[in-house]
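Everything on this sheet refers to the single structure shown next.
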Amino acid sequence: MNERIAVVALNPCVDTALYLSTPLTPGGTHRILRTVENPAGKGLNQALMFQNLGAEVDYFAFGSEDDYDRMNRYVQEQKFR
């Protein structure tokens, strides 16, 4: 697949995963060991899929200033244009 695809993400988001010290139990106390945040959303998932299939991907996203640096770093790591 030598195609170029443009993906426009109108509502990118951030997935947050919490790693707990013990399994969840009703009424229990749970300590968070670490938190991992990753850019996410349907547009980003589609861009990754097209790239994995061999397409050159141009990724455009609208988002808040708060998430700009994180999203920009991730897009550069994935080598989107």
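The values are calculated or read from the model by the stated rules, or taken from the named source; none is laboratory data. Everything numeric in this text was worked out from a predicted model, so none of it was measured. Every residue, glycine among them, receives a Cβ derived from its backbone with ideal geometry; neighbour counts consider all protein chains shown. Ligands, DNA and RNA are stripped out before the accessible areas are found, and what is left, the full protein with its side chains, is counted by its heavy atoms. Shrake-Rupley method; radii C 1.70, N 1.55, O 1.52, S 1.80 Å.
Centroid-to-centroid, using Cα positions, the stretch 1-46 and the stretch 47-61 are 19 Å apart. Ranked from largest to smallest solvent-accessible area, with a 1.4 Å probe on the protein heavy atoms, Y68, Y19, Y59 come out as Y68, Y19, Y59.
Each of C13 and V36 was given a label point 7 Å from its Cα along the Cα-to-Cβ line. The distance between the two points is 1.9 nm. Tell me which of L44, P12, P23 sits at the most positive position along the dipole axis of the chain, charges placed on C-beta atoms (Lys, Arg +1; Asp, Glu -1). Projecting each Cα onto the dipole axis, the largest value belongs to P23. Residues whose amide H comes within less than 5 Å of that of I5, counting only those at least five positions distant or on another chain, are E56, V57, D58 (H built at 1.01 Å from N in the peptide plane). With the highest mean first, a sort of the peptides 51-57, 22-28 on other beta-carbon atoms found within 10 angstrom per residue produces 51-57, 22-28.
Treating only the Cβ atoms of Lys and Arg (+1) and Asp and Glu (-1) as charged, compute the dipole magnitude of the chain about its Cα centre; round to the nearest 20 debye. Spell out each step's value before the answer.
Values: 8 positive and 10 negative charges, 52 e Å.
Around 240 debye, computed over the chain.
Of all DSSP bridge pairs formed entirely within the chain, close to 55 percent run antiparallel. Axis of helix 42-52 versus longest Cα principal axis of the chain: the two differ by about 60°, to the nearest ten degrees.
Relative to the longest principal axis of the Cα atoms of the chain, the long axis of helix 65-78 lies at roughly 60 degrees. Annotation for Y68 and T29: the two label points, set 7 Å from Cα along the Cα-Cβ direction, are 4.2 nm apart.
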